[in-house]
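Read the structure below first, then the notes.
The values are calculated or read from the model by the stated rules, or taken from the named source; none is laboratory data. Every value quoted in this text rests on a predicted model; they were computed, and no experiment measured them. Glycine gets a Cβ as well: all are built from the backbone with ideal geometry, and neighbour counts include every protein chain shown. Just the protein is used for accessible areas: all its heavy atoms, side chains included, with ligands, DNA and RNA removed. Shrake-Rupley method; radii C 1.70, N 1.55, O 1.52, S 1.80 Å.
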Amino acid sequence: GFSLSQAIACAVEFDDQHCGIYAGDWDSYKVFADVFDPLIQEYHGISADSVHTSDMDVNKIKGNINPKAPVHSTRIRVGRSIDGFGLSPGITKEQRLGVENLMSKAFANLKGDLAGTYFPLTGMNEKIRQQLVDDHFLFVSGDRNLKVAGMERDWPEGRGIFHNKDKTFLTWVNEEDQLRIISMQKGGDVKAVFDRLARGIKAVGDSVKAESGKDFMLDAKYGYVHSCPTNLGTGMRASVHIDLPGYTKVGAKVLHARCEELHLQPRGTRGESGGQTGVTYDISNKHRLGYSEVELVQKMIDGVNILHKEDEALRKAHGI
């Protein structure tokens, strides 16, 4: 069993928590609903009786990011959990190895541009490790939140990384979520990245089903089940790295406020807690739950186009 004290370990240990509570299995959300529900409703801005709708139809997306916008790269990720196995904070050693074993078989079935190789962290040779570090693909241990929440038990056993030949489709196995499915490429073609992600999620899901008969955990109310309540719903973060020298000049506060209005989230390009350097920002959709995937990607495209236009005006005004 997974206890409430385990769920809130991070909030007890640290006083700077964005959320501070994790689920150890699907049941956590049901058993501790009195704690989880109000928190989820407040964070995602949803009503108590809302239900989640998923929509991965790339043809519904209108337009794309302006090709003139200085976008370095685009990345969209989702989390997925396989029914019958615990979530990272509460998963047993046997279950974690079970997920990895199932995934290494499932990855072998992927075809075409999604086909690739699974690299387990256990016993990884130095050359491969260094290559994955250079590609910024490798996740490492040492995140204090994941440690305290119990997600780094038995490290690195049962963890690994899959990527296709072009390094544009990746899956992390047994990090904060059982699966983090990622589509990425250079430039700002968000539509192409979303299309690959949609095909990839379907291919992985179909392959898992064929190998094990199991489905992804999908809750009628909360969408796709993740260990962190902030990721419930789509579990999707669609982001671009874009240069915003005009906004850099007027300051991060102004950019943050503007992103808030556009339902976007700005970060430094060193990740969630890495801070900001230079003029390049990571801009992503703020919401995960209460909107479909298509809606969130559309918000990101439209919002980034607006920010680019405004940034050009700010550059002119400040002579940059």
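Structure notes:
- The relative contact order of the chain, computed from alpha carbon pairs under 8 Å that lie at least 6 residues apart in sequence, is 25 percent.
- Compared with the alpha-carbon gap, the fully stretched path from K68 to L39 is longer by 6.4 nm at 0.36 nm per residue.
- For region 129-201, lysine pairs separated by 8 or more sequence positions, or belonging to different chains, with Cα-Cα distances below 26 Å total 4.
- Dividing the alpha-carbon radius of gyration of the chain by the rule-of-thumb value 2.2 N^0.38 Å gives 0.99.
- Accessible-area composition of the chain, carbon plus sulfur, in percent [1.4 Å probe]: 52
- For region 94-137, accessible area per residue (1.4 Å probe, heavy atoms of protein chains only), Å²: 57
- The distance from the alpha carbon centre of region 99-152 to that of region 197-211 is 18 Å, rounded to a whole number.
- Here the label points at N59 and E94, each 7 Å from Cα along the C-beta direction, are separated by 4.7 nm in the simple model.
- Using the 1.4 Å probe convention, the accessible area of region 1-82 works out to 54 Å² per residue with neighbouring protein chains retained.
- Across every pair of non-identical alpha carbons in region 1-122, the mean reciprocal distance, once inverted, gives a Kirkwood radius of 18.5 Å.
- Partner lysines for K214 [C-alpha distance under 18 Å; skip if fewer than 8 residues away on the same chain]: K105, K202
- A crude spin-label estimate for the pair R315 and R144, with each label 7 Å from Cα along the Cβ direction, gives 3.9 nm.
- Å² per residue, accessible surface of region 140-200 at 1.4 Å: 36
- Charge tally in the Cβ shell below 13 Å around A33, where Lys, Arg are +1 and Asp, Glu are -1, A33 excluded: -2
- Fraction of the pair-distance distribution of region 118-261 above 18 Å, Cα-Cα pairs, percent: 68
- Contour minus Cα-Cα distance for D135 and T122 (0.36 nm per residue): 2.8 nm
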